[in-house]
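These notes concern the structure reproduced below.
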Amino acid sequence: MTQPTSDASTGAWTLIEKEKRRDRFIRRVSITAWTATFLFVVVFTIMIGGQVLEMYKAHLVGMLPFSTVVGMATPLIIVLGFLSLLIATLSTVGVFLRFRTASLTEIQLRLAALEDMLASRRDSATEEKR
């Protein structure tokens, strides 16, 4: 009888497990980094929001034109725009990389299964010769 898994199959599963551990580590680092990023954005929004509020109050009493209020909000709008562009780009790249990784893993497993099949045929052929 042949064993259910060969050395090639076991090696493939070992590599897959290593990749899964690496993916989990990268995912944790990513979550931590994105959390810190959003916290900084919230703090930045509060800081800019306070300045815009002061300028808006000055605008209401007629001391400043409304363009000054918009000018104070411009840095926040730029930062939020760049952040959304960054998230969109990184998520798109991540999706493509995950598709490729899944395809390569499937190919690797199919090759390991093919190798097992060929090895079992070779074993049965040598047993028939005996």
Considering each residue of region 50-63, count those that are exposed (fewer than 14 other Cβ atoms within 10 Å of the Cβ) and either of a type outside the set (A, V, I, L, M) or in contact with a Cys (Cβ under 9 Å, 6 or more places away or on another chain) (or both), and give that number. 4
Quickly run through region 45-75 and pick out the residues that are small (Gly, Ala, Ser) and assigned to a helix (DSSP H, G or I). Gly49, Gly50, Ala58, Ser67, Gly71, Ala73
Between a residue in region 83-102 that is of a type in the set (Phe, Trp, Tyr) and any residue that is surrounded by 10 or more Cβ atoms within 10 Å (Cβ to Cβ) and not in a helix (DSSP H, G or I), which pairs come within a Cβ distance under 8 Å, given they are 6 or more apart or on different chains? none
Residues satisfying the stated conditions in region 72-130, i.e. surrounded by 13 or more Cβ atoms within 10 Å (Cβ to Cβ) and more than 30 Å from the chain's Cα centre (by Cα): Met72, Ala73, Glu115, Asp116, Ala119, Ser120
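Throughout, read-outs are computed from the coordinates displayed, never taken from laboratory work. Everything numeric in this text was worked out from a predicted model, so none of it was measured. Please note: Cβ atoms are built from the backbone with ideal geometry, for glycine as well, and neighbour counts cover all protein chains shown.
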